[in-house]
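K.L.:
Quick one: structure below, then a few questions.
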Amino acid sequence: MSGKFITLEGGEGAGKTTCLKHIEKRIKEAGIDLCVTREPGGTRTGEKIREILLDRGNFDILDDTELILMFAARSQHLNEVISPALVAGTWVLCDRFTDATYAYQGGGRGISQQRIADLEHWVQKGLKPDLTLLLDLPVDVGLERAGKRSTPDRFESEDISFMQRMRLTYLDIASREPERVKVIDSSQALGNVLSQIDSILDDLLAGATSE
Ligand code: Z5A
């Protein structure tokens, strides 16, 4: 038996935190065992790596160092949390995963997609999410929303062109993998965003309970 692996992605101010709680509630209400986790992080070691990655004081981290740290945290996360849960039949809901690496380190920083794909192959050994919900919205709308929050971290401090490249990379992945990646228009009012998510979850949960 194998659980479903669901990931949530999006740019600045997309509303991931808000939507994640809704998705968690829906899945648990369906009586399904669920593990909610995040990247970078999700393990003791991964959370320490996250602190390094997000700390604005670490302004001198090289792009390749950043990339390798993302996959170091991911390797720990997969082995310690994600894979064991899936094998046990537990569903996993993960706040960001490897699509974020293609979007931020690939699109944003300009690291080649091939270099990321090589690390993905090594660390994930073919494992990919069953479903990815991409919360998409124009960069300026997202920044306006996120601006109402506290001090920005190292990624939130990037300029608008970085954010635009990141968004385009996410949309490019979605256009290449439409079965896995579902694009949600998160520029709409929260109720509409949650309705879009619900219609996708309805199908997924109907399939799961009839299995
Ligand atoms: N990163 C990376 O570079 N490479 C990788 O491989 C991975 C990650 C895995 C940490 O991620 C950073 O790691 C991330 C990329 C990098 N940096 N950035 N940026 P994170 O996921 O922990 O951080 P985050 O992107 O800041 O996520 P977040 O906290 O979930 O923020 P959010 O998506 O902006 O969501 P929010 O807090 O729910 O919403 C923002 C505000 O908008 C808030 O006030 C809401 O009330 C409001 N909101 C939400 N929805 C709506 C709607 N529909 N209408 C109006 N207002 C709304």
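The values are calculated or read from the model by the stated rules, or taken from the named source; none is laboratory data. Every value quoted in this text rests on a predicted model; they were computed, and no experiment measured them. All Cβ positions, even for glycine, are placed from backbone atoms using ideal geometry, and neighbour counts span all protein chains on display.
K.L.:
Using beta carbons and a limit of 7 Å, which pairs, at least six apart or on different chains, have the first residue in the stretch 126-144 and farther than 30 Å from LEU86 by Cβ and the second one more than 12 Å from the ligand (Cβ to nearest atom)?
P.N.:
Once the first residue is farther than 30 Å from LEU86 by Cβ and sits in the stretch 126-144, its partners that are more than 12 Å from the ligand (Cβ to nearest atom) give VAL139/ILE160; VAL139/GLN164.
K.L.:
Working only within the stretch 187-211, note down all residues that are farther than 27 Å from THR90 by Cβ and touching a residue at least 40 places away in the same chain (Cβ under 8 Å).
P.N.:
The answer is SER187, LEU190.
K.L.:
With the structure loaded, tell me whether ILE49 is at pLDDT 95 or above and either closer than 27 Å to VAL193 by Cβ or surrounded by fewer than 19 Cβ atoms within 10 Å (Cβ to Cβ) (or both) or whether it fails that test.
P.N.:
Here the answer is no, as ILE49 does not meet what is asked.
K.L.:
Taking helices (runs of 4 or more DSSP H) that do not extend beyond the stretch 1-98, which have at least 1 residues that are in contact with a helix residue (DSSP H, G or I) (Cβ under 7 Å, 6 or more places away or on another chain) and more than 8 Å from the ligand (Cβ to nearest atom)?
P.N.:
16-29, 44-54, 63-77
K.L.:
Within the set of pairs 6 or more residues apart or between chains, which connect a residue that is touching a residue at least 40 places away in the same chain (Cβ under 8 Å) and among the hydroxyl-bearing types (Ser, Thr, Tyr) inside the stretch 74-95 to a residue that is assigned to a strand (DSSP E or B) and more than 14 Å from the ligand (Cβ to nearest atom) with Cβ atoms less than 8 Å apart?
P.N.:
THR90/LEU34; THR90/CYS35
K.L.:
Moving on to the next point. Give the number of residues within the stretch 80-102 that are closer than 18 Å to ARG167 by Cβ and of a type in the set (Ser, Thr, Tyr).
P.N.:
3
K.L.:
On the given criteria, is LYS25 surrounded by fewer than 19 Cβ atoms within 10 Å (Cβ to Cβ), under 19 Å from ALA208 (Cβ atoms) and modelled with pLDDT of 95 or more?
P.N.:
Against the criterion (surrounded by fewer than 19 Cβ atoms within 10 Å (Cβ to Cβ), under 19 Å from ALA208 (Cβ atoms) and modelled with pLDDT of 95 or more), LYS25 qualifies.
K.L.:
Taking the stretch 99-118, which residues are touching a helix residue (DSSP H, G or I) at 6+ places or on another chain (Cβ under 6 Å) and either aliphatic (A, V, I, L, M) or away from the ligand (no atom under 13 Å from the Cβ) (or both)?
P.N.:
Those that are touching a helix residue (DSSP H, G or I) at 6+ places or on another chain (Cβ under 6 Å) and either aliphatic (A, V, I, L, M) or away from the ligand (no atom under 13 Å from the Cβ) (or both): ALA103, ILE111, GLN113, ILE116.
K.L.:
Ok, one more. Identify all residues within the stretch 145-171 that are of a type in the set (D, E, K, R) and free of Cβ contacts under 8 Å to residues at least 40 places away in the same chain; write none if there are none.
P.N.:
Correct list: LYS148, ARG149, ASP159.
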